[in-house]
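Report on the structure given below.
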Amino acid sequence: MPSSRSIRTSSTGMTLERAPGAGSSGPSSPECVAGVPRTTVVAHAVRGSEVRPAGGAAPGGVRCPLDVPSRAPVGRSTAVSAVRIGSVRMIGATGRRSGQGRAVQPSPTSARYGRSEGVHGSGFGPFSCSTLHRRRTTVKSTRRSLVTLAIAGVTAAAVINGGVPGTAGPAPEVAAAQAGPTYVYKVHAPLGKAAQNLLSRGFDVLEQREGDYLFVLGDSAAGQKLKSEGFTSVIDEVLPAPQWTPPSRKSQQLDAGALEETYYGGYRTVNAQFAHLDAVASQYPNLTQAVDYGDSWKKTQGAGGYDLRAICITKKNAGDCALSSTAPKPRFFVMGQLHARELTTGDVAYRWIDHLTQGYGSDPEVTALLDSTEVWVVPIANPDGVNIVQQGGNTPRFQRKNANTTNGSNCSGTSGSHVGIDLNRNTNSHWGGEGTSAQPCAETYKGPSANSEVETRALQALWRNLYKDRRGTGNTDAAPADTTGVVISMHSYSNLVLFPWGWTTQYKTGNDTALRGMAREMASIAGGWQYGQPGEVLYNASGATDDWVYDDLGVASFVWEIGPGSGSCSGFHPAYSCQASTFWPKVKPMLMYSAKKAANPYGGATPGTCAKATNDGDVNIPDAGAAVSSTINVSGCTGNASATTQVEVHVKHTYRGDLVLDLVAPDGTAYRLKPSNNDSADNIDTTYTVNASTEVRNGAWKLQVQDVYSSDTGYIDSWSLTT
C-alpha cells in the first residue's frame with residue numbers, strides 16, 4: 001500500500017493527501033491515535049499553497065454537491081378494513097381509490113458528499129462521496145462505508161422528540177444538536193474473548209471484520225474511552241458532520257400520497273411501505289392477506305406510532321394464510337428493518353412482494369412457488385425506529401433500536417448513544433449473554449428484561465401462530481428431519497449468511513449439518529459470501545431473533561447481512577440506485593432458493609414425497625452441441641410424484657444464459673426448468689419446483705442440459721430430485 005494517497009474534488013478544487021500511516025492496520029501511529037486525533041490530512045489549494053488544520057485539531061473532510069434523483073413511485077391507494085383476532089388483525093380490502101399523488105422530491109443540501117473527479121494515479125474511475133463510498137485507494141480505507149451518511153444520526157441529540165410519529169418530517173421547533181467530528185476506529189479485537197469484551201462495553205461496533213480487527217463508530221470521547229479501557233486502536237476514517245436539512249412534513253393518512261412518500265433518493269417511508277401492503281392486498285385478493293400483528297411501542301404509549309404489519313402471499317385455498325400452525329402449506333418468512341438504519345432490507349422486502357404478486361401466472365417459477373408455499377413478509381419490523389431514520393431526509397439518521405425511552409431517555413443522540421432497545425438482543429433465547437450491553441444508550445442494549453419490547457413479543461406471537469414447536473430444549477436437541485419452514489431476518493451489511501447458534505460457538509445445533517449446507521448454498525448464490533455461526537465469522541450475539549426461532553420452534557432460521565464492506569454500494573445507507581443495480585439482482589435468487597426450501601429444509605421426506613436422491617457425477621456439456629443428460633433412478637416409492645417436486649441443480653458454466661434445462665420423467669415427458677436467455681453470469685445453483693403429479697415416482701429421471709450458443713463451456717456438477 002502506498003504511503004500516501006490523494007484525491008481531487010471537483011467541488012472545491014482541493015487535493016487531499018492521506019498522511020503516511022493513517023488508517024493503517026498496524027500499531028497506532030503518531031498521526032492517528034484513538035482518542036487523540038492528530039493531523040492526518042493535508043489540504044493543498046489548486047495553485048499550490050498549503051493549508052493545514054490548526055494545532056492538534058481533527059482533520060475535516062470534503063463537502064461536495066449532491067445529485068440524487070427523486071424516485072417516487074406512483075400507484076393506487078386502498079381503503080381497508082381491519083378486524084383484530086386476539087392480538088392479530090386480519091385486514092381485508094373494502095374498496096379502492098385511484099389517484100395521482102405528488103412525487104416527493106428529496107431536499108438538496110450542500111452538506112451532502114458529492115462526486116470526485118477520481119483517484120489520481122490509481123487507475124480507478126469516478127467515485128461517489130455522496131454516501132461516503134470511497135474505493136480502497138482513496139483518502140480513507142472505506143472498509144466500512146456503513147457510515148454512509150451515518151454521521152447524520154449524530155446531529156440530533158433530541159431525535160426521539162424531533163418528529164411526529166407516522167410522518168416523514170420532524171417537528172420544526174426541535175433544534176439539532178451541534179456535533180463534532182465523528183471517527184471510525186479500527187480496533188484490535190480477534191475472534192473470541194477480545195471481540196466479546198469490546199461489544200460488552202457499549203461501543204457502536206460495526207458489523208464488519210477485517211482479520212483481527214473490528215470497527216467502532218464514535219466521536220472523540222469514544223476514542224478516549226477505547227484508550228482508557230485498554231483497547232489498541234487507530235483512527236481509520238474521519239467523518240465531517242453534514243448540515244442537516246429536514247424534509248417536508250408528510251401526512252399520516254395512508255392515501256395515494258402516502259404510497260409515494262420517499263426519502264434519500266427513493267427509499268420508501270413507513271407510510272409508503274404500509275400503503276403498499278394495502279394496495280397489493282386490494283389488487284391481488286386471491287393471492288394475499290394483509291395482517292396487523294400488533295402495535296409499536298410509541299403506539300402503545302398513545303404517542304403516535306404504528307401498527308405492526310405483515311402480508312401473506314400464496315395462491316389462496318381453504319386454510320391458507322390462517323393464523324394456525326396446522327396450515328396445509330409450508331411457510332417461508334422474511335423480514336426487513338428490524339434494525340431501523342439498515343435501509344436495503346426494507347427495499348428488498350418491497351421488491352420481493354411485487355416480484356411474487358406480479359409474477360404469478362406469468363413467471364413459472366413464481367407460480368409454482370405460490371401454488372405450493374405460503375410466503376410471509378414483514379417489510380418493516382421496527383417502524384418507530386425507521387420513523388426516526390427517515391426524519392433525516394437526505395441524510396438519514398443512524399437509529400438502530402426501537403423508540404422506547406423508558407430506559408436511557410437522556411441518551412445524547414450522538415454516535416453510540418441512542419434511545420431504545422436493540423430488538424435483535426431482546427429475546428429470551430440466552431438473553432443477556434455475549435454480544436449484548438446493559439447500558440441503555442448502547443447500540444446493543446438488551447433491554448431491562450427478556451422479551452421486554454412489544455415489537456419482540458408481537459413477532460414471537462406471530463411465529464408461534466405460523467409454526468409448530470418441533471424441538472426440545474437442549475442446546476443440541478435437533479428438530480425432526482421433516483420439520484417445515486424457513487425464516488430469514490435481513491440485515492446489512494458485510495455479505496454474510498449467519499445461522500444458529502449466535503450466542504455461542506461452544507455448541508452446534510442439532511440441525512447444524514442441514515443449516516450449514518443451506519447457508520453454503522445461499523452464500524454461493526450470492527456470489528461467494530462468507531457463512532457460519534456468528535461467532536465463527538464476526539462475533540457472538542445473544543438474544544437474537546434467529547436464535548429464538550430455532551430455539552423455541554426448531555424452524556430453520558438465518559440472518560443475511562446484505563451489502564459489501566467497501567465500494568460504491570456499501571454500508572447502511574447506500575445510494576438508492578444500488579438497490580436495482582446491485583442488491584435486488586443478487587438477493588432475489590437467494591429468496592427464491594430459500595422459499596423453495598421451506599417444504600423440506602432439513603432433508604427429511606415430507607408427507608407425500610419420496611426421499612431425496614442425488615447424482616453427483618460430472619457430465620460435460622458440449623459448446624453449442626447436442627443435449628446431454630444425467631440420470632437418477634428412483635425405486636421403492638409408491639404412487640405419483642408430488643405437485644411440488646424439487647429439482648436441485650448445480651451446473652458449472654461460464655455463461656449460464658446459453659443453457660436450456662429440462663427434467664425428463666420416466667415416460668419421456670419433458671418439464672422445462674430453464675430457457676436460454678441473456679444472463680451472462682457464471683454457474684447455476686438453483687432449486688426448481690415442478691408439478692409432476694401425473695408421473696409415476698419410480699423409474700429413471702433425467703436432468704437434460706443443452707448449450708444452444710457457442711463460445712462458452714461447462715459441465716453438470718450434481719443434481720438432486722425429491723419427488
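Going through ALA665, ALA681, ALA670 one at a time, which residue ends up being farther than 21 Å from ALA598 by Cα, buried (at least 20 other Cβ atoms within 10 Å of the Cβ), without any contact (Cβ under 8 Å) to a residue 40 or more places away in the chain and not polar (S, T, N, Q)? Please lay out each step first, then the result.
Working: ALA681 fails: buried (at least 20 other Cβ atoms within 10 Å of the Cβ); ALA670 fails: buried (at least 20 other Cβ atoms within 10 Å of the Cβ).
Only one candidate passes the filter, namely ALA665.
Does region 495-512 contain any residue that is in a helix (DSSP H, G or I) and at pLDDT 95 or above?
Yes - at least one qualifying residue is present in region 495-512.
Output yes when any residue across region 439-458 is in a helix (DSSP H, G or I), acidic (Asp, Glu) and closer than 30 Å to VAL647 by Cα, and no when none is.
The answer is no, given that none of the residues of region 439-458 is in a helix (DSSP H, G or I), acidic (Asp, Glu) and closer than 30 Å to VAL647 by Cα.
Within region 577-598, how many residues are within 14 Å of the chain's Cα centre (by Cα) and either part of a loop (DSSP other than H, G, I, E, B) or β-branched (Val, Ile, Thr) (or both)?
Going through region 577-598 one residue at a time, the tally reaches 2.
Given (1) without any contact (Cβ under 8 Å) to a residue 60 or more places away in the chain; (2) surrounded by 17 or more Cβ atoms within 10 Å (Cβ to Cβ); (3) under 30 Å from LYS329 (Cα atoms), identify the lone condition not met by ASP658.
Going through (1) without any contact (Cβ under 8 Å) to a residue 60 or more places away in the chain; (2) surrounded by 17 or more Cβ atoms within 10 Å (Cβ to Cβ); (3) under 30 Å from LYS329 (Cα atoms) one by one, ASP658 breaks only (3).
Just to be sure, is GLY416 part of a loop (DSSP other than H, G, I, E, B) and without any contact (Cβ under 8 Å) to a residue 40 or more places away in the chain?
On the way: part of a loop (DSSP other than H, G, I, E, B): yes; without any contact (Cβ under 8 Å) to a residue 40 or more places away in the chain: no.
Taking the combined requirement at face value, the residue does not satisfy it.
Select from region 467-481 the residues that are closer than 30 Å to ASP384 by Cβ and surrounded by fewer than 22 Cβ atoms within 10 Å (Cβ to Cβ) and list them in ascending order.
Residues of region 467-481 that are closer than 30 Å to ASP384 by Cβ, as a first pass: 467, 469.
Within region 467-481, ASP469 is the sole residue that qualifies.
When you scan region 688-706, how many residues do you find that are in contact (Cβ under 8 Å) with a residue 60 or more places away in the chain and either under 21 Å from PRO364 (Cα atoms) or of a type in the set (S, T, N, Q) (or both)?
Step one: filter region 688-706 for residues in contact (Cβ under 8 Å) with a residue 60 or more places away in the chain, giving 688-691, 697-706.
This time we only want the ones that are either under 21 Å from PRO364 (Cα atoms) or of a type in the set (S, T, N, Q) (or both), so: 688-691, 698, 701-706.
The number of residues fulfilling the criteria is 11.
Matching residues to (1) under 28 Å from PRO328 (Cα atoms); (2) among the polar types (S, T, N, Q); (3) out of contact with any His (no Cβ under 9 Å at 6 or more places or on another chain); (4) at pLDDT below 95:
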{"position": "VAL651", "(1), (2), (3), (4)": "no, no, yes, no"}
{"position": "ASP662", "(1), (2), (3), (4)": "no, no, yes, no"}
{"position": "ALA692", "(1), (2), (3), (4)": "yes, no, yes, yes"}
{"position": "ALA700", "(1), (2), (3), (4)": "no, no, yes, yes"}
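Any chance region 560-573 includes a residue that's assigned by TED's automatic domain parsing to the domain that holds ASP347, acidic (Asp, Glu) and in a helix (DSSP H, G or I)? Step through it out loud before you land on a result.
In the first step, residues of region 560-573 are kept if they are assigned by TED's automatic domain parsing to the domain that holds ASP347; the result is 560-573.
With acidic (Asp, Glu) added as a condition, the list becomes 561.
Pick out the ones that are also in a helix (DSSP H, G or I) and you get none.
For region 560-573, residues assigned by TED's automatic domain parsing to the domain that holds ASP347, acidic (Asp, Glu) and in a helix (DSSP H, G or I): absent.
Find the strands (runs of 3 or more DSSP E) located wholly in region 617-723 whose residues include 2 or more that are touching a Pro at 6+ places or on another chain (Cβ under 7 Å), and list them.
Per the criteria, 699-707.
Report yes if some residue within region 354-372 is aromatic (Phe, Trp, Tyr), in the same structural domain as ASP320 (by TED's automatic domain parsing) and surrounded by 24 or more Cβ atoms within 10 Å (Cβ to Cβ); otherwise report no. Give the steps one after another, and end with the answer.
Looking only at region 354-372, we keep the residues that are aromatic (Phe, Trp, Tyr), and these are 360.
Applying the additional criterion that residues be in the same structural domain as ASP320 (by TED's automatic domain parsing) yields 360.
Subsequent filtering for residues that are surrounded by 24 or more Cβ atoms within 10 Å (Cβ to Cβ) retains none.
No: region 354-372 contains no residue that is aromatic (Phe, Trp, Tyr), in the same structural domain as ASP320 (by TED's automatic domain parsing) and surrounded by 24 or more Cβ atoms within 10 Å (Cβ to Cβ).
Within the set of pairs 6+ apart or on separate chains, which have a first residue in region 430-447 that is within 15 Å of THR545 (Cβ to Cβ), a second that is among the aromatic types (Phe, Trp, Tyr) and in a loop (DSSP other than H, G, I, E, B), and C-beta atoms under 7 Å apart?
HIS430/TRP503; GLY433/TRP503; GLY435/TYR539; LYS446/TRP431
Here is a list: ARG331, ARG351, ARG341. Which entry is assigned by TED's automatic domain parsing to the domain that holds LEU591, basic (Lys, Arg) and in contact with a strand residue (DSSP E or B) (Cβ under 6 Å, 6 or more places away or on another chain)?
ARG331
Are there any pairs, at least 6 apart or on different chains, whose C-beta atoms fall under 6 Å, with the first in region 452-478 and assigned by TED's automatic domain parsing to the domain that holds ARG331 and the second of a type in the set (Asp, Glu), and if so, which?
If the second residue must be of a type in the set (Asp, Glu), the pairs left are ARG471/ASP477.
Which of the residues belonging to region 530-559 are in a loop (DSSP other than H, G, I, E, B) and of a type in the set (Val, Ile, Thr)? Lay out the reasoning, then the answer.
Keep residues of region 530-559 that are in a loop (DSSP other than H, G, I, E, B), which gives 533, 538-544, 554-555.
Selection gives VAL555 alone.
Say whether the condition of being of a type outside the set (Ser, Thr, Tyr), closer than 20 Å to ARG309 by Cβ and buried (at least 22 other Cβ atoms within 10 Å of the Cβ) is met by at least one residue in region 429-452. Steps first, please.
Here is the first cut: in region 429-452, the residues of a type outside the set (Ser, Thr, Tyr) are 430-435, 438-443, 446-448, 450-451.
Applying the additional criterion that residues be closer than 20 Å to ARG309 by Cβ yields none.
No, the conditions are met nowhere in region 429-452.
Does at least one position in region 295-305 carry a residue that is within 30 Å of PRO328 (Cα to Cα) and either surrounded by fewer than 24 Cβ atoms within 10 Å (Cβ to Cβ) or modelled with pLDDT under 85 (or both)?
Narrowing region 295-305 to residues within 30 Å of PRO328 (Cα to Cα): 295.
Next cut, either surrounded by fewer than 24 Cβ atoms within 10 Å (Cβ to Cβ) or modelled with pLDDT under 85 (or both) only: 295.
There is at least one residue in region 295-305 that is within 30 Å of PRO328 (Cα to Cα) and either surrounded by fewer than 24 Cβ atoms within 10 Å (Cβ to Cβ) or modelled with pLDDT under 85 (or both).
Quick check on THR644: is it touching a residue at least 40 places away in the same chain (Cβ under 8 Å) and either closer than 20 Å to THR614 by Cα or surrounded by fewer than 17 Cβ atoms within 10 Å (Cβ to Cβ) (or both)?
Here the answer is yes, as THR644 does meet what is asked.
Condition test on ASN678, is it over 39 Å from the mean Cα position of the chain (by Cα) and either at pLDDT below 95 or outside the structural domain of ALA526 (by TED's automatic domain parsing) (or both)? Lay out the reasoning, then the answer.
Values: over 39 Å from the mean Cα position of the chain (by Cα): no; either at pLDDT below 95 or outside the structural domain of ALA526 (by TED's automatic domain parsing) (or both): yes.
The answer is no for ASN678.
The values are calculated or read from the model by the stated rules, or taken from the named source; none is laboratory data. Model, not experiment: these values are computed from the prediction. Glycine also receives a Cβ, built like all others from the backbone with ideal geometry; neighbour counts cover every protein chain displayed.
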